[in-house]
1. Please verify whether E275 is over 30 Å from R334 (Cα atoms), open to solvent by 60 Å² or more (accessible area, probe 1.4 Å) and at pLDDT 90 or above, treating the condition exactly as stated.
2. Among A176, A191, A238, which is the only one that is more than 30 Å from R357 (Cβ to Cβ) and either more than 60 Å from the chain's Cα centre (by Cα) or not in a helix (DSSP H, G or I) (or both)?
3. Is at least one residue of the range 201-216 open to solvent by 60 Å² or more (accessible area, probe 1.4 Å), at pLDDT 90 or above, out of contact with any Ser or Thr (no Cβ under 9 Å at 6 or more places or on another chain) and part of a strand (DSSP E or B)?
4. Looking at A98, A119, A165, which is the one that is open to solvent by 60 Å² or more (accessible area, probe 1.4 Å), at pLDDT 50 or above and small (G, A, S)?
5. Going by the structure shown, is K139 in contact (Cβ under 8 Å) with a residue 24 or more places away in the chain and open to solvent by 50 Å² or more (accessible area, probe 1.4 Å)?
6. Could you run through the range 359-377 and say how many residues are closer than 15 Å to H278 by Cβ and outside any loop (DSSP other than H, G, I, E, B)?
7. Give the number of residues within the range 378-398 that are touching a Leu at 6+ places or on another chain (Cβ under 6 Å), part of a loop (DSSP other than H, G, I, E, B) and modelled with pLDDT under 90.
8. Considering each residue of the range 243-252, count those that are at pLDDT below 85 and surrounded by 10 or more Cβ atoms within 10 Å (Cβ to Cβ), and give that number.
Amino acid sequence: MATKKSPAKKSTPAKKAVKKAAPAKKAAPAKKVVKKSAPAKKAAPAKKAAPAKKVVKKAAPAKKVVKKAAPAKKVVKKAAPAKKVVKKAAPSKKVAPAKNAAAAKAAAEKAKAQKAAAAAAAKKAKEKEAAAKKAAAAKAAAEKAKAQKAAAVAKAKELAAKKAAAAKVAAEKAKAAKAAAAEKAKTKKAADAEKARLKKIADAEKAAAKKAADEAKAAAKAAADAEKAAAKKAADEAKAAAAAAAAAAKRKPEPPKRPPIIKIETKDGITSTKEFKHEFLVEIRDSLNEERAKLLGQANRLENEANALIADAEMGDVQFDEDGGEGDTMVVERDQDLTLSAAARQTIEEIDAALLRVKNGEYGYSSLSGLPIPKERLRAIPWATELVTERAGGLGRR
């Protein structure tokens, strides 16, 4: 047999090559990364076989391992050194016969086919795992959405139950309040009806008594009024006749209707009119203020002199009687001072009234007829309130 020949025994380098492929065992931890990929560890004994032929033949179960496990593509890629192991076994061709070379070639092709199958199986497993993960994620999302929907429905039901309970309580409360209000209204209505009935009776009795008293009073008053009316009528007729006669005797012509005052503008506390411009009114206001200050000083001086005469009389022996001539003179002087002072103060009041008319736009017009007073008269007597013709006719004071 070819396996018993000494050259095959000398193919220890191939064994060493197989032994050098031992690092492929380190791929086992990568298999642990893939879930439930532990069965792939059973493929390790195939690597311990010294003959390359046996390694190839025993590597067939690795196909089942790939099919059963769902290793990641990374595990398949790390298994690539097995191909290098087969290539390193090429020196055996130099020692082994043509049969061994054919077997090695077949083993290489078979390993290549197995690698392709393992890659396809890994890709299919990865796709299956991705699909499973996607399905699991979709299922988890659906379950989560279902749970959220159920929670929302439960919350809505709870809220609806609370709202219904609150509405029920409010309805019962409103019903109780309505019943209480109805009962109260009924009681009040009965009380009001009774009160109205009693009031009606009292009012009827009172009205009857008042009617009788009014009738008696009216009868007595009618008789008295008739007598009084007759007497009053006679007296009124006599009085009217006398008044008519007196009025006819004392009748005087009525003053003409007052024309309207046309005001123009207000400036510096002075309201000018159509007949009296601003400049003229300023002149009149200054004249009035000057005359007022003069009269005020005169009135104060006269009052002080009168008071001084009274003080002197109280301190001396002056007799204010018929026998004391000096007392008569002092009394006359005092009365004269007081009279002049009163006249000055009366004129001051008229000046104040004239200043107010200057401010309001009514200055310079007759207080009787409403006609404008001539400016010459106003310059002479700034506080004048009447025309010369009106004063001469006795219709006014100035």
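1. Numbers: over 30 Å from R334 (Cα atoms): yes; open to solvent by 60 Å² or more (accessible area, probe 1.4 Å): yes; at pLDDT 90 or above: yes.
Spelling it out, E275 is indeed over 30 Å from R334 (Cα atoms), open to solvent by 60 Å² or more (accessible area, probe 1.4 Å) and at pLDDT 90 or above.
2. A238
3. Within the range 201-216 (the criterion being open to solvent by 60 Å² or more (accessible area, probe 1.4 Å), at pLDDT 90 or above, out of contact with any Ser or Thr (no Cβ under 9 Å at 6 or more places or on another chain) and part of a strand (DSSP E or B)), the answer is no, since none of the residues qualifies.
4. Going through A98, A119, A165 in turn, just one is open to solvent by 60 Å² or more (accessible area, probe 1.4 Å), at pLDDT 50 or above and small (G, A, S): A98.
5. The answer is no for K139.
6. Total meeting the criteria: 3.
7. 2
8. Counting residues in the range 243-252 that are at pLDDT below 85 and surrounded by 10 or more Cβ atoms within 10 Å (Cβ to Cβ) gives 3.
The values are calculated or read from the model by the stated rules, or taken from the named source; none is laboratory data. Small disclaimer: the values here were computed from a predicted structure and weren't measured. A quick note on method: Cβ atoms are made from the backbone with ideal geometry, for glycine too, and the neighbour counts reach across all protein chains shown. Accessible surface areas use protein heavy atoms only, side chains included; no ligands, DNA or RNA. Shrake-Rupley method; radii C 1.70, N 1.55, O 1.52, S 1.80 Å.
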